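Before any comments, here is the structure.
The values are calculated or read from the model by the stated rules, or taken from the named source; none is laboratory data. Note that this is a predicted model, so its numbers are computed, not measured. Counting neighbours? That spans all protein chains shown, and the Cβs are built from the backbone with ideal geometry, glycine included. For the accessible areas, the whole protein counts, side chains as well, though only heavy atoms, and no ligand, DNA or RNA atoms are used. Shrake-Rupley method; radii C 1.70, N 1.55, O 1.52, S 1.80 Å.
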Amino acid sequence: MPDAYILGIETSCDETAAAVVRSGEQVISNVVASQIAMHQPYGGVVPELASREHLRAIVPVVRKALYEAKHSYTSLDAIAVTQGPGLAGALLVGISYAKALAFALEKPLIAVNHLEGHIHAVLLEERQKGNHELQFPVLALVVSGGHTHLYLAEQHDQGWTYENIGHTRDDAAGEAFDKVAKLLGLGYPGGPMIDRLAPHGDPNAVKFLPSQLKHADRRGHQRQGKAKQPDPDRPRFDFSCSGIKTAVLRHVETHNMQLAVELRRKAMANTSKPSLEDYLRNCDRQTLDLVASFQRAMVKDLVGKTLAAARGYNVSTLFVTGGVAANNELRQTFERDGAAEGLPVYFPSRSLSNDNAAMIAAAAYPKFLAKDLAPMDFSAEASLALR
Ligand code: KG4
Ligand code: ZN
């Protein structure tokens, strides 16, 4: 089989990304233009700003990806782009550009689900390392700012199928990290800073009861988009991440920590690009203990439910992927507890944990082989389900 060079384009949220990947197994170039600095003052992603920034960045980012890969537009075999889930306006920028390229160059166009991309980030890197021994089916935890989803992923002759066996009933795990960081005055996005501060606190200082980790099913299966209703005969392993955010807020209120939070917020607003040391100087023991305890509770819940699902479905391999998969304690706990159950756990490298286009180009490769191409009139799907 001759090599296929696929250009991937990803614009689902706040990263404009393009990459060239060879045959789903080698990253030739991988360019990511992050918009974090632009959204930071608002404490979250502003969809309208994200779309405009994608418009500004898409052409230079794609050109850079081709330049670094030493490829020209004509030497590509296909163009792949994220169809959803994500912000509709942001997705449309990538899709319109990918369509224009595919049309003008007369190249195949492939639509990729963003979550499938996160799963293929792991496969891509394992193949790149020469590991072709993965056992299927795989259970994949996709854990990011928008998702906390469990999928059974299986490879068939004509590509991949995915069965959702669990998802968050309210906030995504990354969303909980970001909201807790925001309410503690730790900046945006909060996951990476909580990750770095947690080792400085006592993870057993604040006890979160299991009931605080649960929350009534308010949004229910809406987040599943157009997914069919789950099979009632198949066990489910759902998550809930919004109760713990409320528990952290209560803790701040009942322990009179509001003034300390306000002072820290002001100090950080007056510091350009605050470092870990800047945050440590402005965090008292009480705050560091709360941060460490929050992270411990999140990690325990994510790892506990995922391993229960792995046992329930008797899988032989576990993937943990998405932005939150960069978390050090999450990785260490999955590795330790997975090994205790004889379950190998694979993560993407930290650079491929966050949103990127290499994962989109990698997920497109089996579709390229199966000639599963997108029609020119396909559009963005903000709640696209993976199946
Ligand atoms: O996959 P991603 O880049 O974008 C989405 O598809 O959402 O994930 C971003 C999310 C954010 O919520 C961010 O706070 C979280 O991943 N995150 C982390 C870490 N790095 C990023 N959460 C915990 N620990 C980290 N080290
Ligand atoms: Zn993502």
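Things to note:
- Whichever aspartates and glutamates have a C-alpha closer than 13 Å to that of Lys305, once near sequence neighbours (fewer than 8 apart) are set aside: Asp238, Asp337
- For Lys107, the lysines whose Cα comes closer than 24 Å to its Cα, not counting residues fewer than 8 places off in the same chain, are Lys64, Lys70, Lys99, Lys367, Lys371.
- Whichever aspartates and glutamates have a C-alpha closer than 19 Å to that of Lys182, once near sequence neighbours (fewer than 8 apart) are set aside: Asp14, Asp170, Asp171, Asp195, Glu253, Glu262, Glu277, Asp278, Asp284, Asp289
- Overall form of the range 261-303 per C-alpha gyration tensor (a/c, 1.5; a/b vs b/c): prolate
- Given R0 = 41 Å, the distance between the Cβ atoms of Thr161 and Ala340 translates into a calculated FRET efficiency of 0.85.
- Two-site label geometry, Ser379 and Leu134: point separation in nm, points 7 Å out along Cα→Cβ: 3.3 nm
- Principal-axis tilt of helix 358-369 within the chain, Cα atoms, nearest 10 degrees: 40 degrees
- Where Ser351, Ser240 fall by accessible area, highest first, once all protein chains stay in place (1.4 Å): Ser351, Ser240
- Inter-probe distance in nm under a simple model that places probes 7 Å from Cα toward Cβ, at Lys70 and Asn204: 5.6 nm
- Three-way shape label, the range 66-219, alpha-carbon gyration tensor, a/c 1.5: prolate
- When each of the peptides 288-296, 331-339 is scored by how many other beta carbons lie within 10 Å of its residues on average, the order from highest to lowest is 288-296, 331-339.
- In the range 232-333, the convex hull through the Cα atoms has an average projected area of 8.8 nm², a quarter of its surface area.
- Estimated from helical segments only, the mean residue ellipticity of the chain at 222 nm is -13500 deg cm²/dmol, where each DSSP H run of four or more residues counts as -39500 (n - 2.57).
- Rel. contact order, % - alpha carbon contacts under 8 angstrom, at least six apart, the chain: 27 percent
- Computed from Cα positions, the angle between helix 88-105 and the longest principal axis of the chain comes to roughly 20 degrees.
- Inter-part distance, the range 110-150 to the range 6-35, computed on C-alpha centroids, equals 15 Å.
- Cα gyration tensor shape of the range 61-139, rounded if a/c is under 1.5, else prolate or oblate by comparing a/b with b/c: oblate
- Using the alpha-carbon positions of the range 267-387, Rg (one decimal) and Dmax (whole number) come out as 19.7, 58 Å.
- Taking all protein chains into account, the per residue accessible area for the chain stands at 44 Å² (1.4 Å probe).
- Listed residues Glu116, Glu253, Glu277 arranged by accessible area, highest first, probe 1.4 Å: Glu277, Glu253, Glu116
- Between 0 and 90°, nearest 10: helix 47-69 axis offset from the chain longest Cα axis: 50 degrees
- At q = 0.07, 0.13, 0.15 Å⁻¹, base-10 log of I(q)/I(0) for the chain (Debye sum, equal scatterers on each alpha carbon): -0.31, -1.07, -1.36
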